[in-house]
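All remarks here apply to the structure that follows.
No lab work stands behind these numbers, since they all come straight from the coordinates. Keep in mind that this is a model prediction, so the values were computed, not measured. Heads up, the Cβs are rebuilt from the backbone with ideal geometry, glycines too, and the neighbour counts pull from every protein chain shown.
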Amino acid sequence: MSDLANRTLTIEKTFNAPIQVVWDAWTQSEHIVKWWAPSGMNIKVIQHEFKVGGKWKYSMLMPDGNEFISEGTYKEIEELKKIITSADFKPMTENVELQTYFEAIGDKTKFTFSVIHATPEYCKQQEEMGFYNGWGSALNRLEEVLKES
């Protein structure tokens with residue numbers, strides 16, 4: 001596990017919204033469809049069982065007409081604190097783990113999002129493919145959605 005740092009990409013943000021609002025935006029289908037994709041893209045929730053062992057599956061229509069599928073299984077859920085899930089983003093990213101942590105700081109929420117890859121090489125490849133731009137864009141959309149709530 002000592003190479004964990006070399007296999008992990010992390011984005012930290014502080015959202016100007018209470019933790020319950022951020023949690024709901026991350027965990028409820030009606031909110032997920034508003035932001036879980038880079039700007040200009042639409043997302044469809046195919047399956048969403050928010051419980052340990054539950055499966056989630058989202059579809060994003062690409063400009064070329066192909067579907068981009070995101071799916072995984074929830075491994076750990078600690079209400080208002082953390083969500084850990086397996087994830088595949090076919091065809092670009094497979095067999096990663098998403099770790100999402102939420103921390104209330106007054107009426108704001110410190111949010112830490114990490115993606116753990118199988119190898120340091122795979123991690124580097126994902127970073128070069130645009131991890132920070134893609135997730136950064138989605139999280140910026142989340143920030144906009146939170147302002148409206």
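Structure summary
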{"quantity": "Eligible lysines near residue 110 by straight Cα distance, threshold 22 Å, same-chain separation 8 or greater", "calculated": "13, 34, 75, 81, 82, 147"}
{"quantity": "Extended-chain gain in nm, criterion 0.36 nm per residue less alpha-carbon gap, residue 112 and residue 52", "calculated": "19.6 nm"}
{"quantity": "Descending principal axes extents, the range 65-132, alpha-carbon based, whole Å", "calculated": "40, 26, 22"}
{"quantity": "Approximate spin-label separation residue 86-residue 41, in nm, with each point projected 7 Å along Cα-to-Cβ", "calculated": "2.2 nm"}
{"quantity": "For the chain, calculated [θ]222 nm from helices alone, where every DSSP H run of n ≥ 4 adds -39500 (n - 2.57)", "calculated": "-8000 deg cm²/dmol"}
{"quantity": "Label-point gap, in nm, between residue 78 and residue 11 - each point 7 angstrom along Cα→Cβ", "calculated": "2.3 nm"}
{"quantity": "Karplus-derived HN-Hα couplings along the range 113-120 (A = 6.51, B = -1.76, C = 1.60, θ = phi - 60°), whole Hz, x at Gly and Pro", "calculated": "10, 10, 10, 9, 9, 5, 9, x"}
{"quantity": "³J(HN,Hα), Karplus 6.51/-1.76/1.60, whole Hz, each residue of the range 42-53, x for Gly, Pro", "calculated": "10, 10, 10, 8, 8, 8, 7, 10, 7, 7, 4, x"}
{"quantity": "Label-point gap, in nm, between residue 147 and residue 61 - each point 7 angstrom along Cα→Cβ", "calculated": "2.7 nm"}
{"quantity": "Dipole of the chain [Lys/Arg +1, Asp/Glu -1 at C-beta], most positive-end residue of 36, 62, 104", "calculated": "104"}
{"quantity": "Theoretical gain in end-to-end length, residue 129 to residue 101 [0.36 nm per residue, Cα-Cα removed]", "calculated": "7.7 nm"}
